[in-house]
Amino acid sequence: MFSHVVIFWTDPANPKAADDLMTGAQRYLKPIPGIVSFHVGRMASSHRPVVDQTYQVGLNVMFNSKKAQDDYQVHPLHVEFVEKVFKPICKKVVVYDFEG
């Protein structure tokens with residue numbers, strides 16, 4: 001399996017940014033072939049100090065292989081998501097990819 005975890009910090013000046021980002025991810029990313037599991041959602045609050053609570057939206061996409069994830073990265077719907085949704089409303093992103 002290959003996991004692609006993306007943590008998004010949205011523009012605080014846009015109160016709808018988190019909702020728009022999640023809607024855009026569902027529209028553009030979820031239909032891309034090769035995805036085994038897709039989950040996008042808001043940061044979950046926690047009383048544990050070890051849990052990062054500075055971001056607004058998390059995305060977890062799982063694939064059967066790194067090749068499937070590589071294909072996802074260049075898929076036209078992913079490129080469109082980056083240009084039309086991500087770039088206009090996000091201030092920062094961190095990506096964690098791992099396999100095993």
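When SER45 is evaluated against the numbered criteria (1) out of contact with any Phe, Trp or Tyr (no Cβ under 7 Å at 6 or more places or on another chain); (2) in contact (Cβ under 8 Å) with a residue 12 or more places away in the chain, which criterion, by number, is the only one it fails?
(2)
Inside segment 63-76, can you point out the residues that are surrounded by fewer than 17 Cβ atoms within 10 Å (Cβ to Cβ) and either closer than 16 Å to VAL40 by Cα or of a type in the set (Ser, Thr, Tyr) (or both)?
SER65
Would a scan of segment 39-49 turn up a residue that is part of a strand (DSSP E or B), surrounded by 16 or more Cβ atoms within 10 Å (Cβ to Cβ) and within 15 Å of the chain's Cα centre (by Cα)?
Filtering segment 39-49 for residues part of a strand (DSSP E or B) gives 39-42.
Those left that are additionally surrounded by 16 or more Cβ atoms within 10 Å (Cβ to Cβ): 40.
Narrowing the set further to residues that are within 15 Å of the chain's Cα centre (by Cα) leaves 40.
Within segment 39-49, one or more residues are part of a strand (DSSP E or B), surrounded by 16 or more Cβ atoms within 10 Å (Cβ to Cβ) and within 15 Å of the chain's Cα centre (by Cα).
So the check is Cβ under 7 Å with 6+ separation or different chains; which pairs have a first residue in segment 53-74 that's more than 19 Å from THR23 (Cα to Cα) and a second one that's among the aromatic types (Phe, Trp, Tyr) and in a helix (DSSP H, G or I)?
PHE63/TYR72
Within segment 13-38, take every residue that is in contact (Cβ under 8 Å) with a residue 12 or more places away in the chain and in a loop (DSSP other than H, G, I, E, B) and give me the one that is farthest from the chain's Cα centre (by Cα).
Among those residues, the one meeting the criterion is ASN14.
The rows are residues; the columns are (1) farther than 12 Å from PHE86 by Cβ; (2) of a type in the set (Gly, Ala, Ser).
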| position | (1), (2) |
| --- | --- |
| ILE7 | yes, no |
| PRO15 | yes, no |
| THR23 | yes, no |
| TYR28 | no, no |
| PRO31 | yes, no |
| HIS39 | yes, no |
| ALA44 | yes, yes |
| HIS47 | yes, no |
| VAL51 | yes, no |
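Hey, among LYS87, LYS92, which residue is assigned to a helix (DSSP H, G or I) and basic (Lys, Arg)?
Going through LYS87, LYS92 in turn, the sole match is LYS87.
Looking at segment 75-88, which of its residues are within 11 Å of GLY24 (Cα to Cα) and touching a residue at least 12 places away in the same chain (Cβ under 8 Å)?
Residues satisfying the conditions are LEU77, HIS78, GLU80, PHE81, LYS84, VAL85, PHE86.
Just to verify a result, which residue in segment 50-60, among those that are in contact with a helix residue (DSSP H, G or I) (Cβ under 7 Å, 6 or more places away or on another chain) and part of a strand (DSSP E or B), is nearest to TYR28 (Cα to Cα)?
LEU59
Values quoted throughout were computed directly from the atomic coordinates according to the rules given, and no laboratory measurement underlies them. Keep in mind it's a predicted model, so treat the numbers as computed, not measured. In this analysis, Cβ positions are derived from the backbone assuming ideal geometry, glycine residues included, and neighbour counts consider all displayed protein chains.
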